[in-house]
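Below: the structure, in structure tokens.
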Amino acid sequence: MPPSQRRVVSALDHLTGDPPQGEVTRLPGLPDEWRLRVGDWQVRFTRDPESRRVEVLGVLARRS
């Protein structure tokens, strides 16, 4: 697994807590969606803190 992919997977493991850990921001206008920045990558996700479930909606390269 490439190093950047390992960093993203590791960061996803920290999203189940409440509040989620890492560089996490709730997306404006989308109350149930969040963004996680990991290096050059952006992960969009939803989360349910009660069930500790995280659903990844997409992983995209960050824009500069």
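The values are calculated or read from the model by the stated rules, or taken from the named source; none is laboratory data. Keep in mind that this is a model prediction, so the values were computed, not measured. A quick note on method: Cβ atoms are made from the backbone with ideal geometry, for glycine too, and the neighbour counts reach across all protein chains shown.
The figures follow:
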| item | result |
| --- | --- |
| Options L15, L57; residue that is in contact (Cβ under 8 Å) with a residue 12 or more places away in the chain and outside any loop (DSSP other than H, G, I, E, B) | L57 |
| Filter pass, W41 being among the hydrophobic types (A, V, I, L, M, F, W, C), surrounded by 13 or more Cβ atoms within 10 Å (Cβ to Cβ) and in contact with a helix residue (DSSP H, G or I) (Cβ under 8 Å, 6 or more places away or on another chain) | yes |
| Check on R47, modelled with pLDDT under 90, under 12 Å from the mean Cα position of the chain (by Cα), surrounded by 12 or more Cβ atoms within 10 Å (Cβ to Cβ) and assigned to a strand (DSSP E or B) | yes |
| Any hit, region 12-28, residues being within 11 Å of the chain's Cα centre (by Cα), surrounded by 14 or more Cβ atoms within 10 Å (Cβ to Cβ), basic (K, R) and at pLDDT 90 or above | no |
